[in-house]
Amino acid sequence: MGWSPLDIDKPKSRSCIGDEPFDAISDSFSQVCRLYQRDWKRKPTLKELVGTVEAVLDAQLHEHTKDGATSELIDLSYRVRKIPKRQQYVAGDVLQAKLKDGDLIFARIFSIDDGFPMVGVYDSKGMSPLDIAGIISKPLIVKVCPIHPGNLEKRAWVVLQNCKLIAKDKRRPRGPIAITGNNNQLEMAEHYYGLRKSKNYDVDEWIVDK
């Protein structure tokens with residue numbers, strides 16, 4: 001099982017998040033959703049979901065947390081903002097994002113595993129989005145790794161068009177199975193091109209050797 005810092009900007013922090021705990025909470029939320037669908041014929045609202053989590057923590061904080069013996073939960077707050085309609089995506093989609101220096105960079109969804117898009121980034125800095133054939137012929141600079149669906153749904157990477165995957169795409173180098181809300185693929189691409197120094201502690205596992 002993989003563990004990552006809870007705060008990516010503090011890689012040495014002892015607070016961490018793991019793949020299996022993430023999966024366990026995700027499964028719990030899926031079960032809650034099924035119950036709302038069964039009885040109310042709809043998904044829960046964010047307020048209902050957060051309210052359920054708050055009620056559980058309030059009642060069982062001492063059982064499930066290290067600090068529960070000396071703390072009590074006063075409030076669990078959240079903030080939202082309006083976003084455009086969530087972007088749809090499928091395996092084979094070519095993606096576009098913008099680097100810190102303004103150049104475009106391109107990636108692709110090589111598969112969708114257990115609901116998570118597996119995205120690798122091409123060595124494509126500054127290429128034209130019209131040259132799709134040229135883009136997908138390039139080698140990868142960031143290995144194929146899972147990306148949080150929210151990064152695609154909210155257009156951190158924009159879907160350009162779908163191209164059929166071929167046999168060699170299955171042999172593209174694979175990176176760590178690490179799920180966070182951060183846009184690791186873009187961060188690693190910027191690190192590769194010298195546009196930023198990544199704070200990710202396992203950066204060498206993400207980057208394809210030059």
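The values are calculated or read from the model by the stated rules, or taken from the named source; none is laboratory data. Computed from a prediction, not measured in an experiment: that's the story for all the values here. Glycine gets a Cβ as well: all are built from the backbone with ideal geometry, and neighbour counts include every protein chain shown. Side chains included, ligands, DNA and RNA excluded: accessible areas come from the protein's heavy atoms. Shrake-Rupley method; radii C 1.70, N 1.55, O 1.52, S 1.80 Å.
Kindly express, to the nearest 10 degrees and within the range 0 to 90, the angle between helix 46-64's C-alpha long axis and the longest C-alpha principal axis of the chain.
60
Can you give the local net charge around residue 145? Use residues other than it whose beta-carbon is closer than 10 angstrom to its beta-carbon, Lys and Arg +1, Asp and Glu -1. All intermediate terms of the calculation are to be shown ahead of the outcome.
Details: positive: 143, 174; negative: 205.
The answer is +1.
Using modelled backbone amide H atoms (1.01 Å from N, in-plane), which distant-in-sequence or interchain residues come within less than 5 Å of residue 144's amide H?
Here 174, 175 satisfy the definition.
Counting only helical runs of four or more DSSP H residues, what would the 222 nm mean residue ellipticity of the chain come to if each run contributes -39,500 (n - 2.57) and the total is spread over all its residues? Let's see the in-between values first.
On the way: 6 runs with 64 residues, N = 210.
Taken over the chain, the calculation gives -9000 deg cm²/dmol.
Taking amide hydrogens as modeled 1.01 Å from N in the peptide plane, which residues meet the under 5 Å criterion relative to residue 122, leaving out close sequence neighbours?
106, 107, 108, 141
For residue 193, list long-range residues whose amide hydrogen, built 1.01 Å from N in the peptide plane, is under 5 Å from its own amide hydrogen.
none
Determine the shape class of segment 75-210: with a ≥ b ≥ c the square roots of the Cα gyration tensor eigenvalues, call it rounded for a/c under 1.5, and otherwise prolate if a/b is greater than b/c, oblate otherwise. Please list the in-between numbers first.
Values: a/c = 1.40, a/b = 1.23, b/c = 1.13.
Rounded.
In the chain, what percent of the accessible surface is made up of carbon and sulfur (1.4 Å probe, ligands and nucleic acids excluded)? List each step's numbers first, then the result.
Values: 7000 of 13380 Å².
Answer for the chain: carbon and sulfur cover 52 percent of the accessible area.
Among 26-34, 139-147, how do they line up from the highest to the lowest mean number of other beta-carbon atoms within 10 Å? Please report the intermediate quantities before stating the final value.
Values: 26-34: 12.2, 139-147: 22.0.
In descending order of packing, they fall as 139-147, 26-34.
Using the heavy atoms of the protein chains alone and a 1.4 angstrom probe, what is the accessible area of segment 78-124 per residue in square angstrom?
Values: 2620 Å² over 47 residues.
Solvent-accessible surface per residue comes out at 56 Å².
Pick from 19, 123, 113: which is most flexible by mean-square fluctuation in a GNM of the chain where alpha carbon atoms under 10 Å apart are linked?
113
Dipole size in debye (nearest 20) for segment 12-108 around its Cα centre, Lys and Arg Cβ +1, Asp and Glu Cβ -1?
700
Just name one of 129, 80, 15: the one whose Cα is farthest towards the positive end of the charge dipole of the chain (beta-carbon charges, Lys/Arg +1, Asp/Glu -1).
Of 129, 80, 15, it is 129.
Taking the Cα centre of segment 100-169 as origin, work out the dipole magnitude from +1 charges on Lys and Arg Cβ and -1 charges on Asp and Glu Cβ, in debye rounded to 20. Can you show the working numbers first?
On the way: 9 positive and 8 negative charges, 12 e Å.
Computed charge dipole of segment 100-169: roughly 60 debye.
Segment 45-148: D in µm²/s via Stokes-Einstein (Kirkwood Rh, Cα pairs, 37 °C, 0.692 mPa s)? Could the numbers behind the result be given before it?
Working: Rh = 17.5 Å.
The Stokes-Einstein estimate is 188 µm²/s.
Which whole-number percent gives the relative contact order of the chain, counting Cα pairs below 8 Å spaced six or more residues apart?
About 18 percent, as a whole number.
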